[in-house]
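Report on the following structure.
The values are calculated or read from the model by the stated rules, or taken from the named source; none is laboratory data. Being a predicted model, the structure only gives us computed values, none of them experimental. Note that we place each Cβ from the backbone using ideal geometry, even for glycine, and neighbour counts take in every protein chain shown.
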Amino acid sequence: MLQSLFDWRWKWDDHCHSNVTTGPTDPANTVITDQQGNPQFQTYLSFTDIAIKNIMYYQATLVLVLRIGKLILSDDLIESVDKRPPLDLALPLPPTPLLRPTEIDSLEDASWEFYRAMEGHLCSGGDQPAAEFYQLMYPLSLVSHGIEEGSLEETWISRIRSRIMKANGYKMWATGGERSTGGTEGSKP
């Protein structure tokens with residue numbers, strides 16, 4: 001599966017590398033901070049509408065596969081695949097702020113790229129429709145599998161989820177509120 005992901009990523013890069021830019025992280029608007037409350041990343045990743053959907057699913061699936069691989073094989077999974085570009089890819093490739101498969105050496109590399117992309121989508125100051133934010137919930141759910149309880153990454157996921165929910169008008173759930181069913185447990189309707 002990891003090999004298939006890397007193969008897909010090289011093909012994506014060949015067609016969509018120009019759809020990626022970076023921007024400076026705004027400390028007042030960031031959702032991903034270090035333990036002192038400073039932005040974790042100095043820059044965020046920003047994509048065109050078409051590019052973000054595909055690359056966010058790739059990044060999230062890559063994180064999930066590497067996380068499962070780490071549980072089963074320690075860190076050996078990433079070393080078991082060929083990360084080189086396919087022979088039919090025109091080289092050299094133009095520079096990109098994204099990590100190419102040859103530059104991904106750990107689960108942390110893949111995770112941080114995912115979070116930089118989330119940061120860019122949620123905090124770049126653009127006027128994305130709420131529906132675009134909501135589409136990020138599935139990749140976020142993939143990344144959330146297997147994270148350590150109480151970790152900084154769990155905090156980031158909670159903040160991202162809250163930002164997405166607020167953008168979609170689900171303020172009650174974004175703040176951790178419980179949905180009322182209008183009755184007490186065990187009572188008849």
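For a quick check of your reading: which helices (runs of 4 or more DSSP H) sit entirely within region 129-189 and have at least 3 residues that are modelled with pLDDT under 80 and farther than 23 Å from VAL65 by Cβ? Lay out the reasoning, then the answer.
Working: elements: 130-134, 137-144, 152-167, 171-174.
Where helices (runs of 4 or more DSSP H) fall fully within region 129-189 and carry at least 3 residues being modelled with pLDDT under 80 and farther than 23 Å from VAL65 by Cβ, they are 130-134, 171-174.
Assess whether ARG67 counts as being modelled with pLDDT of 90 or more, buried (at least 16 other Cβ atoms within 10 Å of the Cβ), within 17 Å of SER141 (Cβ to Cβ) and of a type in the set (D, E, K, R). In short, yes.
Look at region 11-35: where a residue is touching a residue at least 12 places away in the same chain (Cβ under 8 Å) and within 30 Å of PRO92 (Cβ to Cβ) and a partner is of a type in the set (Gly, Ala, Ser) and part of a helix (DSSP H, G or I), sitting 6+ places away or on another chain with Cβ atoms under 6 Å, you get CYS16/ALA51; ASN19/ALA51.
Within the group ASN29, ASN19, ASN38, which residue is over 16 Å from the mean Cα position of the chain (by Cα), closer than 18 Å to PRO97 by Cβ and polar (S, T, N, Q)? Quick ask: steps written out before the conclusion?
Values: ASN29 fails: closer than 18 Å to PRO97 by Cβ; ASN38 fails: closer than 18 Å to PRO97 by Cβ.
The match here is ASN19.
Of all residues in region 70-98, those being modelled with pLDDT of 90 or more and within 18 Å of the chain's Cα centre (by Cα) number 2.
How many of the residues in region 6-39 are in contact with a helix residue (DSSP H, G or I) (Cβ under 7 Å, 6 or more places away or on another chain) and either within 13 Å of PRO86 (Cα to Cα) or part of a loop (DSSP other than H, G, I, E, B) (or both)? Looking only at that region, the number is 12.
For region 63-73, the criterion of a residue being without any contact (Cβ under 8 Å) to a residue 24 or more places away in the chain and part of a loop (DSSP other than H, G, I, E, B) is satisfied by no position. For SER46, all conditions in the list (1) part of a helix (DSSP H, G or I); (2) of a type in the set (Gly, Ala, Ser); (3) crowded, with 19+ Cβ neighbours inside 10 Å hold save one; what is the number of the exception? Of the numbered conditions (1) part of a helix (DSSP H, G or I); (2) of a type in the set (Gly, Ala, Ser); (3) crowded, with 19+ Cβ neighbours inside 10 Å, the odd one out for SER46 is (1).
A residue that is in contact with a Ser or Thr (Cβ under 6 Å, 6 or more places away or on another chain) and either under 21 Å from GLU153 (Cβ atoms) or among the small types (Gly, Ala, Ser) (or both) occurs nowhere in region 27-37.
Scanning region 1-43 for residues that are of a type in the set (A, V, I, L, M) and farther than 30 Å from GLY150 by Cα returns a single hit, VAL20.
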